[in-house]
Amino acid sequence: MLPETLLREANGLAERIVALRRAIHAEPEIGLHTPMTRDKVRAALAHLPLEWREGPSTTGLVAVLRGEAGAGRRVLLRGDMDALPMPEETGLPFASTIPGRMHACGHDAHTAMLAGAAELLCARRDQLAGEVLLMFQPGEEGYHGARLMLDDGLLGGGKHGPLPDAAFALHVMPNAPHGLVAGRAGPLMAAADQIDIVVEGRGGHASMPYQTRDPVPVACEIVLALQAMVTRRFNAADAVVVTITCLDAGTAHNVIADRARLKGTMRSLSPEHRAHLREAVVQLATGIALAHGLSAEVTVTEGFPVTVCDARAVDFGEAVTQALFSEQGFHRLPAPIMGAEDFAYVLEQVPGAMFFLGVAHEGDDWGSCCGIHSPRMMVDESVMPRGAAFLAGLAERFLAEGFGAG
């Protein structure tokens, strides 16, 4: 598949890719069950020679393309489908029609680009040896959709044969330069765990705090101490983040509450720091509360693991980028991003990589426009055929050469 041919064919699909993205964007769905989005994908690709798999845990889909040039390697491409529980403020003509929901993380674009890649690959199936698995996944935004699709056996490892030989995903970045592909070997994104802390005191009248055990200043002390703990107990070269995002206590101006609740997130880049961080947060919160004659209960809810990219897969992605878009088209990220991604579950079992695609408008530089999870997040849709070509190029070249060409 010559690069110029692949790009030309992808650009020829631009109208269909954009139309699917806009249809998904207008009707965003949250969580593990996204039936409207699933049906849009099935309808858009109904004319293609694909075998479809579905499982009991989600509305996720895996479309299997079997190459006609014989047996060979198996490669997986992932696109996520779910949206976020937040309002949209873009003013776009195809903005969300469902109040309180928005595709603010670009999953609508991911799904549409993967559908475009399916079109490109099916058009060349007579030249492909092996299989391409197209993973349309719900429940990425904290619902562990990738893990559940793995558990359901949709990616292999059971009745559907072995797991793929490689796996790739592409994530848009609206505040990264137009058309740039970025990635890095090793940890790309962080493990993310949720913290819930309940400080139990004894309430009373606000004019007589000495007769109470006020949980609010203790909760505030815990928040500040967490920040100091991170800087003093962890090596700055191996990043750790603890952020408290919610402090809830009290009902009136003159009432000291019985309890205060804290919510937040912990991010880490290694299993060792993840375990150490959990122990440190529990020790600090319970110790501070006890020092003031109160108690604290800490609950840590485990989230996604660290997203670790195989060095061979990143080299391979860079080679595909250079073949398609020139040597200037790939950027090596100098450090991990402390966001989290449930494609990590796939990369724990299959060698591969996730890449980022800059979808800022031409002329915009790093960070000059709204980022993901903003109610004003925009995607330059003219970049989307480039993303579809990149995904198809990864699959086509891997089936032909494996990681050896990277």
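Test Arg42 against the criterion of being open to solvent by 20 Å² or more (accessible area, probe 1.4 Å) and basic (Lys, Arg), and give yes or no.
Details: open to solvent by 20 Å² or more (accessible area, probe 1.4 Å): yes; basic (Lys, Arg): yes.
It is true that Arg42 is open to solvent by 20 Å² or more (accessible area, probe 1.4 Å) and basic (Lys, Arg).
Gln322 satisfies every condition listed in (1) assigned to a strand (DSSP E or B); (2) open to solvent by 10 Å² or more (accessible area, probe 1.4 Å) except (1). Name every residue in the range 254-296 that is touching a residue at least 12 places away in the same chain (Cβ under 8 Å), open to solvent by 70 Å² or more (accessible area, probe 1.4 Å) and within 30 Å of the chain's Cα centre (by Cα), in order of residue number. Across the range 254-296, the qualifying residues are Arg261, Lys263, Pro271, Arg278.
For the residues Val218, Val240, the requirement of being buried (at least 19 other Cβ atoms within 10 Å of the Cβ), more than 30 Å from Ala392 (Cβ to Cβ) and modelled with pLDDT under 95 singles out Val240. Beta carbons closer than 6 Å, at least 6 apart along the sequence or on distinct chains, pair a first residue in the range 173-196 that is closer than 19 Å to Gly106 by Cβ with a second that is acidic (Asp, Glu) for His178/Glu362; Met189/Glu341.
If you go through the range 50-107 and keep only what is outside any loop (DSSP other than H, G, I, E, B), farther than 22 Å from Leu399 by Cα and acidic (Asp, Glu), you end up with Glu54, Asp80. Checking each residue in the range 144-185 for being modelled with pLDDT under 95, under 19 Å from Gly60 (Cβ atoms) and either under 18 Å from the mean Cα position of the chain (by Cα) or basic (Lys, Arg) (or both) picks out only Lys159.
Going through (1) aliphatic (A, V, I, L, M); (2) under 18 Å from Pro138 (Cβ atoms); (3) in contact (Cβ under 8 Å) with a residue 40 or more places away in the chain; (4) out of contact with any strand residue (DSSP E or B) (no Cβ under 7 Å at 6 or more places or on another chain) one by one, Ala71 falls short only on (2). Listed conditions (1) open to solvent by 60 Å² or more (accessible area, probe 1.4 Å); (2) out of contact with any strand residue (DSSP E or B) (no Cβ under 8 Å at 6 or more places or on another chain); (3) in contact (Cβ under 8 Å) with a residue 12 or more places away in the chain are all met by Ser57, apart from (1).
Each residue in the range 6-65 was checked for being within 17 Å of Ala389 (Cα to Cα) and β-branched (Val, Ile, Thr), and 2 pass.
The values are calculated or read from the model by the stated rules, or taken from the named source; none is laboratory data. Keep in mind it's a predicted model, so treat the numbers as computed, not measured. Cβ coordinates were reconstructed from backbone atoms using ideal geometry, including for glycine residues, and neighbour counts include every protein chain displayed. Remember, those area values only see protein heavy atoms, side chains included, never the ligands or the DNA or RNA. Shrake-Rupley method; radii C 1.70, N 1.55, O 1.52, S 1.80 Å.
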